[in-house]
Amino acid sequence: MPPQHHTNTVMFSWFGEELEKRSGGTLTMKLFPAGQLGAGPVQQYKRAVEGVADITFGVSAYTPALFPKTMLAILPGKSESSAEATRRMLAAFDAHLADEYEDVKVIGLTTAAGIGIAATRDMSTMEGLKGAKVVPYAALTTPIVEAMGAVPVQMPVTEMYTGLSTGTIDGAYSTYNNMTPPWNFWDVASHFVTNVPVQHAVIFVVMNRDRYEGLSEAHRAIIDELAGEAASMKLAESFDGADAKSLAIMQQTSGKNYTLVEVSDDERARMDAAVAEGLKVIFADYAERGIDNAEAIYNALNQ
(Lines give C-alpha, C1' and ligand atoms only; values in the text may rest on other atoms or scores of the structure.)
Protein backbone atom coordinates (compact mmCIF):
# COMPACT_ATOMS: atom_id res chain seq x y z
CA MET A 1 0.00 0.00 0.00
CA PRO A 2 1.21 3.56 -0.68
CA PRO A 3 2.36 5.73 2.27
CA GLN A 4 -0.95 7.64 2.39
CA HIS A 5 -3.11 4.50 2.59
CA HIS A 6 -5.22 4.43 5.75
CA THR A 7 -3.64 1.21 7.01
CA ASN A 8 -0.32 3.06 7.12
CA THR A 9 -1.61 6.36 8.51
CA VAL A 10 -3.87 4.72 11.11
CA MET A 11 -2.85 1.20 12.12
CA PHE A 12 0.88 1.12 11.44
CA SER A 13 1.37 4.69 12.63
CA TRP A 14 -0.34 3.73 15.91
CA PHE A 15 1.63 0.50 16.17
CA GLY A 16 4.99 2.21 15.71
CA GLU A 17 4.18 4.98 18.14
CA GLU A 18 3.03 2.50 20.79
CA LEU A 19 6.13 0.33 20.38
CA GLU A 20 8.41 3.29 20.92
CA LYS A 21 6.40 4.78 23.78
CA ARG A 22 5.92 1.57 25.73
CA SER A 23 9.57 0.52 25.32
CA GLY A 24 11.02 3.92 26.17
CA GLY A 25 12.51 4.10 22.69
CA THR A 26 14.33 0.75 22.85
CA LEU A 27 11.99 -0.92 20.33
CA THR A 28 11.06 0.93 17.16
CA MET A 29 9.52 0.19 13.77
CA LYS A 30 10.50 1.32 10.30
CA LEU A 31 7.79 1.23 7.65
CA PHE A 32 8.53 0.26 4.04
CA PRO A 33 5.37 1.15 2.06
CA ALA A 34 4.54 0.57 -1.60
CA GLY A 35 6.33 -2.76 -1.99
CA GLN A 36 9.80 -1.55 -1.08
CA LEU A 37 10.67 -4.96 0.41
CA GLY A 38 9.20 -6.82 -2.55
CA ALA A 39 6.53 -5.91 -5.06
CA GLY A 40 3.21 -7.71 -5.38
CA PRO A 41 0.66 -8.81 -2.78
CA VAL A 42 0.82 -12.56 -3.39
CA GLN A 43 4.13 -13.07 -1.57
CA GLN A 44 3.36 -10.99 1.52
CA TYR A 45 2.73 -13.92 3.87
CA LYS A 46 5.79 -15.76 2.55
CA ARG A 47 7.92 -12.65 3.13
CA ALA A 48 6.98 -12.72 6.81
CA VAL A 49 7.58 -16.46 7.14
CA GLU A 50 11.00 -16.22 5.48
CA GLY A 51 12.04 -13.04 7.29
CA VAL A 52 12.30 -10.82 4.23
CA ALA A 53 10.32 -8.44 6.42
CA ASP A 54 9.73 -8.64 10.15
CA ILE A 55 6.05 -7.77 9.72
CA THR A 56 3.86 -7.85 6.60
CA PHE A 57 0.34 -6.78 5.64
CA GLY A 58 -1.60 -8.91 3.18
CA VAL A 59 -4.88 -10.29 1.87
CA SER A 60 -5.65 -13.96 2.51
CA ALA A 61 -7.52 -14.43 -0.79
CA TYR A 62 -4.26 -14.02 -2.75
CA THR A 63 -3.05 -17.31 -1.23
CA PRO A 64 -6.30 -19.17 -0.48
CA ALA A 65 -4.64 -22.58 -0.21
CA LEU A 66 -2.82 -21.37 2.92
CA PHE A 67 -5.98 -20.13 4.63
CA PRO A 68 -8.95 -22.33 3.66
CA LYS A 69 -10.71 -21.87 7.01
CA THR A 70 -9.95 -18.14 7.24
CA MET A 71 -11.44 -17.78 3.76
CA LEU A 72 -14.83 -18.71 5.17
CA ALA A 73 -14.91 -15.23 6.74
CA ILE A 74 -15.13 -13.80 3.21
CA LEU A 75 -18.60 -15.23 2.69
CA PRO A 76 -21.72 -13.13 3.27
CA GLY A 77 -23.10 -13.58 6.77
CA LYS A 78 -24.06 -11.45 9.73
CA SER A 79 -21.19 -8.93 9.56
CA GLU A 80 -21.88 -5.69 7.72
CA SER A 81 -18.66 -3.84 8.61
CA SER A 82 -14.98 -4.43 9.26
CA ALA A 83 -15.47 -4.01 13.00
CA GLU A 84 -18.26 -6.58 13.17
CA ALA A 85 -16.33 -9.11 11.11
CA THR A 86 -13.18 -8.52 13.17
CA ARG A 87 -14.90 -9.20 16.50
CA ARG A 88 -16.38 -12.41 15.14
CA MET A 89 -13.07 -13.62 13.67
CA LEU A 90 -11.27 -12.95 16.94
CA ALA A 91 -13.93 -14.85 18.89
CA ALA A 92 -13.54 -17.88 16.60
CA PHE A 93 -9.79 -17.64 16.08
CA ASP A 94 -8.42 -19.95 18.78
CA ALA A 95 -10.93 -22.71 18.15
CA HIS A 96 -10.99 -22.67 14.36
CA LEU A 97 -8.31 -20.55 12.66
CA ALA A 98 -5.16 -20.51 14.78
CA ASP A 99 -3.54 -23.57 13.20
CA GLU A 100 -3.36 -21.75 9.85
CA TYR A 101 -0.93 -19.22 11.37
CA GLU A 102 1.45 -21.50 13.28
CA ASP A 103 4.45 -20.29 11.24
CA VAL A 104 4.03 -16.64 12.29
CA LYS A 105 3.07 -14.37 15.16
CA VAL A 106 -0.32 -12.87 14.34
CA ILE A 107 -0.43 -9.15 14.96
CA GLY A 108 -3.93 -8.52 13.65
CA LEU A 109 -6.81 -9.72 11.48
CA THR A 110 -9.64 -7.69 9.99
CA THR A 111 -11.60 -7.33 6.77
CA ALA A 112 -12.32 -4.81 4.08
CA ALA A 113 -16.10 -5.06 4.01
CA GLY A 114 -17.51 -5.03 0.49
CA ILE A 115 -20.71 -3.26 1.43
CA GLY A 116 -21.75 -2.43 -2.14
CA ILE A 117 -21.38 -3.04 -5.85
CA ALA A 118 -19.92 -0.34 -8.09
CA ALA A 119 -21.68 -0.93 -11.38
CA THR A 120 -22.39 0.39 -14.84
CA ARG A 121 -26.07 -0.51 -14.51
CA ASP A 122 -28.66 -0.87 -11.75
CA MET A 123 -27.97 -4.13 -9.90
CA SER A 124 -30.35 -3.56 -7.01
CA THR A 125 -32.63 -6.43 -8.13
CA MET A 126 -32.09 -10.07 -9.04
CA GLU A 127 -33.21 -9.16 -12.55
CA GLY A 128 -30.54 -6.43 -12.67
CA LEU A 129 -27.89 -8.92 -11.59
CA LYS A 130 -28.88 -11.51 -14.18
CA GLY A 131 -26.01 -12.02 -16.63
CA ALA A 132 -23.96 -9.16 -15.19
CA LYS A 133 -20.20 -9.66 -15.14
CA VAL A 134 -19.31 -8.98 -11.49
CA VAL A 135 -15.96 -9.10 -9.69
CA PRO A 136 -16.36 -10.78 -6.28
CA TYR A 137 -13.93 -10.48 -3.39
CA ALA A 138 -12.59 -14.00 -3.98
CA ALA A 139 -13.02 -16.97 -6.31
CA LEU A 140 -14.47 -18.81 -3.31
CA THR A 141 -17.71 -16.85 -3.67
CA THR A 142 -18.26 -17.98 -7.28
CA PRO A 143 -21.23 -20.25 -6.36
CA ILE A 144 -22.87 -17.36 -4.51
CA VAL A 145 -22.42 -14.90 -7.36
CA GLU A 146 -23.77 -17.48 -9.80
CA ALA A 147 -26.76 -18.23 -7.55
CA MET A 148 -27.56 -14.51 -7.62
CA GLY A 149 -27.66 -14.74 -11.42
CA ALA A 150 -24.42 -12.89 -12.14
CA VAL A 151 -21.26 -14.05 -13.91
CA PRO A 152 -18.16 -13.93 -11.66
CA VAL A 153 -15.02 -12.41 -13.16
CA GLN A 154 -11.76 -12.53 -11.22
CA MET A 155 -9.83 -9.26 -11.36
CA PRO A 156 -7.50 -7.41 -8.96
CA VAL A 157 -8.74 -4.08 -7.62
CA THR A 158 -6.00 -2.28 -9.55
CA GLU A 159 -7.69 -3.30 -12.84
CA MET A 160 -11.32 -2.67 -11.89
CA TYR A 161 -11.38 1.00 -12.91
CA THR A 162 -10.33 0.08 -16.45
CA GLY A 163 -12.66 -2.91 -16.44
CA LEU A 164 -15.65 -0.74 -15.59
CA SER A 165 -14.57 1.89 -18.09
CA THR A 166 -14.17 -0.53 -21.02
CA GLY A 167 -17.13 -2.78 -20.24
CA THR A 168 -14.96 -5.79 -19.50
CA ILE A 169 -16.98 -6.00 -16.29
CA ASP A 170 -20.39 -4.63 -15.37
CA GLY A 171 -19.78 -4.35 -11.64
CA ALA A 172 -17.44 -5.08 -8.76
CA TYR A 173 -17.88 -5.65 -5.06
CA SER A 174 -16.52 -2.47 -3.51
CA THR A 175 -16.33 -0.19 -0.52
CA TYR A 176 -17.28 3.48 -0.42
CA ASN A 177 -13.53 4.09 -0.33
CA ASN A 178 -13.22 2.57 -3.81
CA MET A 179 -15.62 5.16 -5.19
CA THR A 180 -13.54 8.19 -4.19
CA PRO A 181 -9.84 9.04 -4.63
CA PRO A 182 -7.47 7.33 -5.01
CA TRP A 183 -9.56 4.59 -6.72
CA ASN A 184 -12.13 6.97 -8.32
CA PHE A 185 -14.68 4.36 -9.35
CA TRP A 186 -17.23 7.18 -9.33
CA ASP A 187 -15.78 8.30 -12.66
CA VAL A 188 -16.66 5.03 -14.42
CA ALA A 189 -19.57 3.55 -12.41
CA SER A 190 -23.10 4.78 -13.04
CA HIS A 191 -24.42 3.12 -9.85
CA PHE A 192 -23.27 2.23 -6.36
CA VAL A 193 -25.63 -0.41 -4.99
CA THR A 194 -25.90 -0.86 -1.21
CA ASN A 195 -27.69 -3.33 1.11
CA VAL A 196 -26.24 -6.24 -0.84
CA PRO A 197 -25.03 -9.44 0.89
CA VAL A 198 -21.65 -8.22 2.14
CA GLN A 199 -18.48 -9.99 1.07
CA HIS A 200 -15.25 -9.48 3.03
CA ALA A 201 -11.60 -9.36 2.02
CA VAL A 202 -9.73 -10.82 5.01
CA ILE A 203 -6.65 -8.77 5.92
CA PHE A 204 -3.75 -10.07 7.99
CA VAL A 205 -0.77 -8.44 9.69
CA VAL A 206 1.75 -11.09 10.73
CA MET A 207 5.27 -11.16 12.18
CA ASN A 208 8.20 -13.46 11.50
CA ARG A 209 8.18 -15.96 14.38
CA ASP A 210 11.96 -16.13 14.81
CA ARG A 211 12.17 -12.33 14.94
CA TYR A 212 9.43 -12.24 17.58
CA GLU A 213 10.96 -15.01 19.68
CA GLY A 214 14.39 -13.37 19.39
CA LEU A 215 13.19 -10.23 21.14
CA SER A 216 13.71 -9.72 24.85
CA GLU A 217 10.97 -10.85 27.20
CA ALA A 218 10.04 -7.21 27.83
CA HIS A 219 9.79 -6.44 24.13
CA ARG A 220 7.75 -9.58 23.43
CA ALA A 221 5.36 -8.49 26.18
CA ILE A 222 4.84 -5.16 24.41
CA ILE A 223 4.13 -6.94 21.12
CA ASP A 224 1.67 -9.22 22.93
CA GLU A 225 -0.14 -6.21 24.42
CA LEU A 226 -0.57 -4.63 20.99
CA ALA A 227 -1.28 -7.78 18.99
CA GLY A 228 -4.66 -9.46 18.80
CA GLU A 229 -7.69 -7.39 19.73
CA ALA A 230 -5.93 -4.01 19.94
CA ALA A 231 -4.21 -4.18 16.54
CA SER A 232 -7.14 -5.95 14.87
CA MET A 233 -9.65 -3.33 15.97
CA LYS A 234 -7.25 -0.56 14.94
CA LEU A 235 -7.15 -2.14 11.48
CA ALA A 236 -10.94 -2.29 11.45
CA GLU A 237 -11.03 1.35 12.49
CA SER A 238 -8.86 2.24 9.52
CA PHE A 239 -11.13 0.45 7.02
CA ASP A 240 -14.46 1.54 8.48
CA GLY A 241 -13.10 5.05 9.01
CA ALA A 242 -11.96 5.31 5.41
CA ASP A 243 -15.43 4.22 4.27
CA ALA A 244 -17.12 6.81 6.47
CA LYS A 245 -14.88 9.55 5.10
CA SER A 246 -15.50 8.48 1.52
CA LEU A 247 -19.27 8.34 2.03
CA ALA A 248 -19.14 11.90 3.37
CA ILE A 249 -17.12 12.95 0.33
CA MET A 250 -19.66 11.29 -1.96
CA GLN A 251 -22.52 13.11 -0.22
CA GLN A 252 -20.74 16.48 -0.44
CA THR A 253 -19.48 16.19 -4.04
CA SER A 254 -21.59 17.21 -7.01
CA GLY A 255 -21.00 16.73 -10.71
CA LYS A 256 -20.36 12.99 -10.55
CA ASN A 257 -22.57 10.91 -12.82
CA TYR A 258 -23.54 8.01 -10.57
CA THR A 259 -26.58 7.07 -8.48
CA LEU A 260 -26.63 5.61 -4.98
CA VAL A 261 -29.16 2.78 -4.98
CA GLU A 262 -30.28 0.73 -1.98
CA VAL A 263 -31.55 -2.82 -2.41
CA SER A 264 -35.11 -3.10 -1.07
CA ASP A 265 -35.88 -5.49 1.79
CA ASP A 266 -37.80 -7.80 -0.54
CA GLU A 267 -34.95 -7.96 -3.05
CA ARG A 268 -32.42 -8.44 -0.25
CA ALA A 269 -34.44 -11.44 0.93
CA ARG A 270 -34.24 -12.90 -2.57
CA MET A 271 -30.47 -12.29 -2.65
CA ASP A 272 -30.02 -13.85 0.80
CA ALA A 273 -31.92 -16.95 -0.38
CA ALA A 274 -29.52 -17.20 -3.33
CA VAL A 275 -26.58 -16.84 -0.93
CA ALA A 276 -27.90 -19.76 1.11
CA GLU A 277 -27.96 -21.93 -2.01
CA GLY A 278 -24.42 -20.89 -2.90
CA LEU A 279 -23.21 -21.70 0.60
CA LYS A 280 -24.40 -25.29 0.24
CA VAL A 281 -22.21 -25.69 -2.85
CA ILE A 282 -19.21 -24.17 -1.05
CA PHE A 283 -19.58 -26.39 2.03
CA ALA A 284 -19.86 -29.45 -0.19
CA ASP A 285 -16.68 -28.47 -2.01
CA TYR A 286 -14.88 -28.05 1.33
CA ALA A 287 -16.02 -31.53 2.37
CA GLU A 288 -14.59 -32.97 -0.83
CA ARG A 289 -11.28 -31.29 0.05
CA GLY A 290 -11.26 -32.91 3.48
CA ILE A 291 -12.65 -30.05 5.59
CA ASP A 292 -15.87 -31.57 6.86
CA ASN A 293 -16.65 -28.86 9.41
CA ALA A 294 -16.68 -25.85 7.04
CA GLU A 295 -20.31 -25.06 7.84
CA ALA A 296 -19.58 -25.22 11.58
CA ILE A 297 -16.63 -22.84 11.15
CA TYR A 298 -18.78 -20.49 9.05
CA ASN A 299 -21.45 -20.53 11.77
CA ALA A 300 -18.83 -19.80 14.43
CA LEU A 301 -17.65 -16.83 12.35
CA ASN A 302 -21.22 -15.56 12.32
CA GLN A 303 -22.15 -15.91 15.99
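The values are calculated or read from the model by the stated rules, or taken from the named source; none is laboratory data. Remember, it's a predicted structure, so these values are computed and weren't measured experimentally. All Cβ positions, even for glycine, are placed from backbone atoms using ideal geometry, and neighbour counts span all protein chains on display. These area figures cover heavy atoms from the full protein model, side chains too; ligands, DNA and RNA do not enter into them. Shrake-Rupley method; radii C 1.70, N 1.55, O 1.52, S 1.80 Å.
Scanning region 183-196 for residues that are touching a residue at least 60 places away in the same chain (Cβ under 8 Å), out of contact with any Lys or Arg (no Cβ under 8 Å at 6 or more places or on another chain) and over 11 Å from K256 (Cβ atoms) yields V193, T194. Applying the condition of being small (G, A, S) and part of a helix (DSSP H, G or I) to region 7-39 and asking which residue is nearest to D54 (Cα to Cα) yields G16. For region 89-108, the criterion of being in a strand (DSSP E or B), in contact with an Asp or Glu (Cβ under 9 Å, 6 or more places away or on another chain) and crowded, with 20+ Cβ neighbours inside 10 Å is met by at least one residue.
Looking only at region 113-130, decide whether some residue is in contact (Cβ under 8 Å) with a residue 24 or more places away in the chain, under 22 Å from P2 (Cα atoms) and in a strand (DSSP E or B). Yes, some residue in region 113-130 is in contact (Cβ under 8 Å) with a residue 24 or more places away in the chain, under 22 Å from P2 (Cα atoms) and in a strand (DSSP E or B). Would you be able to say whether some residue in region 175-187 is part of a strand (DSSP E or B) and more than 30 Å from K46 (Cα to Cα)? Taking every residue of region 175-187 in turn, none turns out to be part of a strand (DSSP E or B) and more than 30 Å from K46 (Cα to Cα). For beta carbons closer than 7 Å, sequence separation of 6+ or different chains, a first residue in region 5-24 that is within 17 Å of S232 (Cα to Cα) and in contact (Cβ under 8 Å) with a residue 24 or more places away in the chain and a second that is in a helix (DSSP H, G or I) and among the polar types (S, T, N, Q), the qualifying pairs are H6/S238; T7/S238; V10/S238; M11/S238. Tell me which residues, restricted to region 41-76, are open to solvent by less than 40 Å² (accessible area, probe 1.4 Å) and out of contact with any strand residue (DSSP E or B) (no Cβ under 8 Å at 6 or more places or on another chain). Of everything in region 41-76, those that are open to solvent by less than 40 Å² (accessible area, probe 1.4 Å) and out of contact with any strand residue (DSSP E or B) (no Cβ under 8 Å at 6 or more places or on another chain) turn out to be T63, P68, K69, L72. Taking the criterion of being modelled with pLDDT of 95 or more, small (G, A, S) and open to solvent by 20 Å² or more (accessible area, probe 1.4 Å), the residues of region 201-256 that qualify are G214, S216, A218, A221, G228, A230, G241, A244, A248.
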